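First, the structure itself, so that you have it in front of you.
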Amino acid sequence: MPEKMPTMREAIESKGYSRRDFLRYCSAAAAIVGLETLGIPKVVRAFETKPRPPVIWLHFQECTCCSESFIRSTHPIVADVIFDYLSLDYTETLMAPSGFQAEKSYKDTITKYAGQYILLIEGSVPAGNDGVYCMIGGRSAEAILQEAARDAAAVIAWGSCASNGCVQNAKPNPTNATPIHKLIDKPVINVPGCPPIADVMTGVITHLLVFGTTPDLDSQGRPKEFYSRRVHDTCYRRPYYDAGLFVESFDDENARKGYCLYKVGCRGPVTYNACAVTRWNGGVSYPIQSGHGCIGCSENGFWDNGPFYQHLASFPGFGIESTADTVGTVIGLGAAAGVTAHAVATNIRKRRLIKKLKDESVEINDDDNEGGNS
């Protein structure tokens, strides 16, 4: 029988926190998963009764940027989630033990808490040549993955490497790098990005803690809470796009004015992520706000989708009602022509308006001059 874990509230109280501190944490957890004030009692009940889940965090073919993003978030709930309210039983980057002691923690967790632990994974799995490109303790990454995933309560693929293969999966993909969901026979929550936004990672974990269920996912296995809208739809530069005002090169006057980056390769119109809403570094900024176009790192195959600074060849249309499940993957040159026509029509309307205002101004001045002469 799996060993019983302490509840979230018991874990909090064991560290000397008060009831007030516990309720404050519940309020923060409710906010991060988008619950209104009326939803806080549901969070309180969940944390008073649900056990503190053990976690195994594995690393395969990747650069550890997902972990770096997560632990460096400025959101206070991140430290709470990692160090107080999850039982982080095994992770190569953060755990103190090494060698046999580390492996004992891993084995104990999958044995004692079968069906209870959450499996978090960074990195793709090289399936080529019997997995020789990523061996840990003499075992292939795939062998470790299959063992760890077998009795996991939930599996989360952190970042684009684990979600879709990322740069290792780019052509010609010599190691046969494979995303997690293609290797195990159970649902996987994909949280892509290179790396994902720290607060998005926290939000996914918090959803599992609060509701005990997998969040609603799109066709690519991404949580709709964070991947249901295009970066383009919530971008603060969108008005410039609609007005036909674009950066032509990164050092031009339009770049200094903060115009739309679409013409210099921004993938915001075809990328689904929360960058423009949640942002990075405590909500301070995100790549587009810093002056660099979106490279679409949360989308499948982004590394092979042409040069990052090349104008998009197609465009999926307008409107925030579009979703990743309903937008066609290939629109063709007609869409590009439509984009151009939209920009041209906008400029024509603006020029006509300017001309009209100038003509009216000239007429008013003429009338004033005639009145003065009389």
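Nothing in this text is a laboratory measurement; each read-out follows from the coordinates by a stated rule. Just so we're clear, the structure is a prediction, and the values are computed from it rather than from any experiment. All Cβ positions, even for glycine, are placed from backbone atoms using ideal geometry, and neighbour counts span all protein chains on display.
How far apart, in nanometres, would the label points at Phe100 and Val284 be if each is projected 7 angstrom from Cα along the Cα-to-Cβ direction?
Reported label-point gap for Phe100 and Val284 is 4.6 nm.
Taking amide hydrogens as modeled 1.01 Å from N in the peptide plane, which residues meet the under 5 Å criterion relative to Trp280, leaving out close sequence neighbours?
Amide H neighbours of Trp280, under 5 Å, 5+ apart: Ser285, Tyr286.
Could you sort out which of Lys42/Lys186; Lys186/Lys224; Lys50/Lys182 sit more than 26 Å apart by Cα distance in this structure? Could you put the intermediate results ahead of the total?
Working: Lys42/Lys186 28 Å; Lys186/Lys224 19 Å; Lys50/Lys182 31 Å.
As for pairs spanning more than 26 Å Cα to Cα, those are Lys42/Lys186; Lys50/Lys182.
Please list, ordered by chain and number, the residues whose modelled amide H lies under 5 Å from the amide H of Tyr90; skip anything fewer than 5 residues away on the same chain.
Val55, Trp57
Taking amide hydrogens as modeled 1.01 Å from N in the peptide plane, which residues meet the under 5 Å criterion relative to Ala154, leaving out close sequence neighbours?
So Ala154 has HN proximity to Leu119.
Between region 242-311 and region 108-136, what is the C-alpha centre distance in whole Å?
If you average the Cα positions of each part, the centres end up 34 Å apart.
While we're here: Between Lys42 and Phe250, how high is the FRET efficiency from 1/(1 + (r/R0)^6) when r is the Cβ-Cβ distance and R₀ = 56 Å? Nearest 0.05.
Values: r = 48 Å, r/R0 = 0.85.
Approximately 0.70, to the nearest 0.05.
Per-residue HN-Hα couplings for region 268-281, Karplus 6.51 cos²θ - 1.76 cosθ + 1.60 at θ = phi - 60°, whole Hz, x for Gly and Pro?
For region 268-281, the Karplus curve yields x, x, 10, 10, 9, 6, 9, 3, 6, 9, 7, 6, 10, 6 Hz.
Oh, and also: Picking from Thr175, Cys63, Ser14, whose Cα lies most toward the positive end of the charge dipole for region 8-226 (charges on Cβ: Lys, Arg +1; Asp, Glu -1)?
Farthest towards the positive pole: Ser14.
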